[in-house]
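The values are calculated or read from the model by the stated rules, or taken from the named source; none is laboratory data. This structure is a prediction, so every number in the text was calculated from the model and none was measured. Glycine also receives a Cβ, built like all others from the backbone with ideal geometry; neighbour counts cover every protein chain displayed.
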Amino acid sequence: MRGIVFDIAHLLAGSLVLVSLIQLYQDRLTSLLRVFAIHAIVLALSVGWQAYIQGAPHLFATALLALGFKGIAIPLVLHRIVLRLGIHREIETVGGIGITMLAAVALIALSMVVIFKVTPGASTLAREDLAFALAVILIGLLMMVTRRNAVSQVVGFMSLENGLILAAAGAKGMPLVVEISVAFSILIAFIVIGIFLFRIRERFDSVDVSTLDRFRGGRQ
Amino acid sequence: MRASLLLYATMLMPLAAAALLAALPAYRLSSLLNVFAALMTFAASCALLFERPAAGVYFLVDDLNAVFIVLTTFIGFTTSIFSASYIAHELETGKLTPLYLRFYHAMYQLLMFAMNLALLANNIGLMWVAVELATLTTVMMVGIYRTHESLEAAWKYFILGSVGIGLALFGTILVYLAAQPAVGEGLPAMTWTVLIANAAKFDAPLLNIAFVFLLLGYGTKAGLAPLHAWLPDAHSEGPTPISAVLSGLLLNVAIYALLRFKLLMAGNGEAFTPGPLMITLGLLSLLFAAFMLYPRRDIKRLFAYSSIEHIGIIAFAFGIGGAVANFAGLLHMTMHSLTKSAIFFTVGHIVQAKGTQRISGISGLASSHPMLAFAFALCVFAIAGLPPFGIFTSEFMLVTSTFAKNPWLAGLLGLGLIAGFGALLLKLQAMLFGEASKGSKEPTATLIPIFIHLAIVLMAGLYLPPPVVAWFQSVARMLG
């Protein structure tokens, strides 16, 4: 019984890392958004499983929020924005996809080494969840750094937040305050992003952030 | 009872004002209301000094955050006075519309609320939420002019700020995990008072890794090099009152968060001492920013880099630790906040008078606007660390206490200070003298807040009242 409980938790957390990797090699925005939806759904399953095994019903709320808001609503809205702007084909990366993937693998290894080294005392469940969560966070970060497109940077940011929620859910008994606040802040963050995307389009007819860089011109 | 009422007033007044200002269309009335709300918040926070509520589950007032909260509400108040005159000018020149102004005032009060919440929180999760809220409101305000540059700055700030805040949350979760076996699950494991009291029993390796994430996360918010990339853009492209609040207050909130976590680390015997890390980042920021002052061509970017320099000095001081260096750090932080916000007030007036932010476009200030030039020169002397201003006192204390501990570090510190000093005086000279550039119209704005700040900084340099000294000393002892 104990064994299968752990195995399912690890399977789900590990899948989240895998989906993070899949996000990295998407070359179209629409498919990237689809993969992000899967990312959020896997997160919802993982948090839901944690809620079940920890007997913490408030975590179900977090899981539902992840599913409804990030798994369905946001991808749909972003999809519409992307289609309306006519930018669904383009993803410009800094450096090649191959190098990015290699870097991601290195980051996963790094997070395993770091977390396992510092948490010999913690329970196995928390430890491995934390290692996976750190990997997801770092890959999200990598995605933000290597993408030029504003929409894919936002997706990178949201998968980073998914990693954070995975870590928070894995921390046994962490008060509800934090989960709600995380979800809430994503909501706010999304409003901000929405406004920004709107403004960027209004000004430049493009959401490629390198257009923004041009305007710095000779300013120091 | 009365004390906890004051505590809630400090936070709820800005929040209520934000709601009211969002609904109020008349901009003259709303800028007055903004000043009034800021004044009342300042009054409530001063009253908190005398009547302190006992630490609750969510909120806490002690010597450490009292320094920050009084400073924050005071500068929030003086900035609102400056903002009222500044914003009227922006409206006249058509850079902002009345609708945006409404948004601006509501955001200003929301930012005050977020900062007060972050400072008063007795819960690491709540503090994180407040810092996130403060970040989001400032992002909105930096982008308010909707020019290419301000959008770029806001976007960059948003992305880097969110990454920082994400790393800080991960650190927060790790602190909870480290505390949970010792103090049990749930709220206690996130409460500052419980955490600090039980720090010795926490899992040290986990605490170490947590601090690294917290330092990176909150360090990004504080603008420590090499995590400072958002700072110059955000300062130079937003409305000037926001630059003043960003530099004078929001950076302090991040430093406050780091200090609390440093206290936690100090309470655990097996965890590493965070001092050397803070010294390294501080020194890096100081040296980098001091030399980056020379090639600056934009007046607001110049002082943004100067903020990085001073945040570096503050982090350095707290990293050195000990009674004298901590005292110097606290004093420096207070003096820097007051002086830097005064500088941004003057810069706001100068930019409005000359119609440009380029240093090459601002010459002959002494002959075209003598009073403004006088105030500006005094401010720059103060920030460059000339006696008899307060920044000289704190820098002097820091250099001497560092010299006693490690002469090499003191040498590097001195190098940074002198380099920054030279750059600022060079730029000041270029702006004050020479042929007066055209486009000079008389600024209508008030210079009163500038002189109030300067008077306090001068006073601190000449004579610190004994109660303030005693207060700062007790905080310095607390910080270890």
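Could you please find all residues in the stretch B:269-292 being among the hydroxyl-bearing types (S, T, Y) and in contact (Cβ under 8 Å) with a residue 60 or more places away in the chain?
Filtering the stretch B:269-292 down to residues among the hydroxyl-bearing types (S, T, Y) leaves B:273, B:280, B:285.
Within the stretch B:269-292, just B:S285 meets the criteria.
Comparison of A:R84, A:R148 shows that the only residue that is at pLDDT below 80, in contact with a Ser or Thr (Cβ under 7 Å, 6 or more places away or on another chain) and surrounded by fewer than 22 Cβ atoms within 10 Å (Cβ to Cβ) is A:R148.
Filtered by the rule that a residue be free of Cβ contacts under 8 Å to residues at least 24 places away in the same chain and more than 8 Å from chain A (Cβ to nearest Cβ), the stretch B:165-183 gives B:A179, B:A182, B:V183.
Mind telling me which of the residues A:A40, A:A106, A:A44, A:A61 ends up being in contact (Cβ under 8 Å) with a residue 60 or more places away in the chain, in a helix (DSSP H, G or I) and either out of contact with any helix residue (DSSP H, G or I) (no Cβ under 9 Å at 6 or more places or on another chain) or crowded, with 19+ Cβ neighbours inside 10 Å (or both)?
On the way: A:A106 fails: in contact (Cβ under 8 Å) with a residue 60 or more places away in the chain; A:A44 fails: in contact (Cβ under 8 Å) with a residue 60 or more places away in the chain; A:A61 fails: either out of contact with any helix residue (DSSP H, G or I) (no Cβ under 9 Å at 6 or more places or on another chain) or crowded, with 19+ Cβ neighbours inside 10 Å (or both).
Just one listed residue meets the conditions, A:A40.
Whether a residue is under 27 Å from B:L287 (Cα atoms), within 23 Å of the chain's Cα centre (by Cα) and in contact (Cβ under 8 Å) with a residue 60 or more places away in the chain was assessed, and B:F376 does not pass this test. Counting only residues that are buried (at least 24 other Cβ atoms within 10 Å of the Cβ) and of a type in the set (S, T, N, Q), the stretch B:188-235 holds 2 of them.
In this structure, B:A289 does not qualify as over 20 Å from the mean Cα position of the chain (by Cα) and among the small types (G, A, S). Whether a residue is of a type in the set (G, A, S), under 23 Å from B:T334 (Cα atoms) and in contact with a Lys or Arg (Cβ under 9 Å, 6 or more places away or on another chain) was assessed, and B:A423 passes this test. Checking each residue in the stretch A:151-178 for being surrounded by fewer than 23 Cβ atoms within 10 Å (Cβ to Cβ) and modelled with pLDDT under 60 picks out A:L176, A:V177. Taking (1) free of Cβ contacts under 8 Å to residues at least 60 places away in the same chain; (2) surrounded by fewer than 24 Cβ atoms within 10 Å (Cβ to Cβ); (3) in a helix (DSSP H, G or I) in turn, B:P295 satisfies each apart from (3).
Condition (residue is outside any loop (DSSP other than H, G, I, E, B), touching a Gly at 6+ places or on another chain (Cβ under 9 Å) and within 11 Å of chain A (Cβ to nearest Cβ)) applied to the stretch B:236-253: is it met by at least one residue? Yes, the stretch B:236-253 contains at least one residue that is outside any loop (DSSP other than H, G, I, E, B), touching a Gly at 6+ places or on another chain (Cβ under 9 Å) and within 11 Å of chain A (Cβ to nearest Cβ). When the residues of the stretch B:199-230 are filtered to those that are among the aromatic types (F, W, Y) and in a helix (DSSP H, G or I), which remaining residue is nearest to the other protein chains (Cβ to nearest Cβ)? Top of the filtered list is B:F213. If you go through the stretch A:1-34 and pick out every residue that is hydrophobic (A, V, I, L, M, F, W, C), in contact (Cβ under 8 Å) with a residue 60 or more places away in the chain and within 23 Å of A:A73 (Cα to Cα), you end up with 8. The residues listed here are B:I311, B:I299; of these, the one that is of a type in the set (V, I, T) and within 14 Å of chain A (Cβ to nearest Cβ) is B:I299. Whenever a residue of the stretch A:147-176 is at the interface with another protein chain (Cβ under 7 Å from one of its Cβ atoms), its partners that are outside any helix (DSSP H, G or I), lying with C-beta atoms within less than 6 angstrom and at least six residues away or across chains, give the pairs A:Q153/A:R147; A:A168/A:M174; A:G173/B:E185; A:G173/B:G186; A:P175/B:G186. Checking each residue in the stretch B:139-164 for being of a type in the set (V, I, T), surrounded by fewer than 24 Cβ atoms within 10 Å (Cβ to Cβ) and more than 8 Å from chain A (Cβ to nearest Cβ) picks out B:I144, B:T147. The criterion of being in a helix (DSSP H, G or I), polar (S, T, N, Q) and surrounded by fewer than 16 Cβ atoms within 10 Å (Cβ to Cβ) holds for A:S31. Scanning for something within 11 Å of another protein chain (Cβ to nearest Cβ) and either assigned to a loop (DSSP other than H, G, I, E, B) or at pLDDT below 65 (or both), does the stretch A:122-134 turn up at least one residue? Checked against the condition, which is being within 11 Å of another protein chain (Cβ to nearest Cβ) and either assigned to a loop (DSSP other than H, G, I, E, B) or at pLDDT below 65 (or both), the stretch A:122-134 yields at least one hit. Return yes or no: is B:L174 on the phi < 0 side of the Ramachandran plot, surrounded by fewer than 22 Cβ atoms within 10 Å (Cβ to Cβ), within 29 Å of the chain's Cα centre (by Cα) and in a helix (DSSP H, G or I)? Answer is no for this residue. Within the stretch B:86-103, residues that are surrounded by fewer than 15 Cβ atoms within 10 Å (Cβ to Cβ) reach partners that are at pLDDT below 85 with beta carbons closer than 6 Å, at six or more positions or on different chains, in the pairs B:P98/B:Y27.
Being away from chain A (no Cβ under 11 Å) and of a type outside the set (D, E) is the requirement here; does B:A134 meet it? Outline the logic, then answer.
Values: away from chain A (no Cβ under 11 Å): yes; of a type outside the set (D, E): yes.
Spelling it out, B:A134 is indeed away from chain A (no Cβ under 11 Å) and of a type outside the set (D, E).
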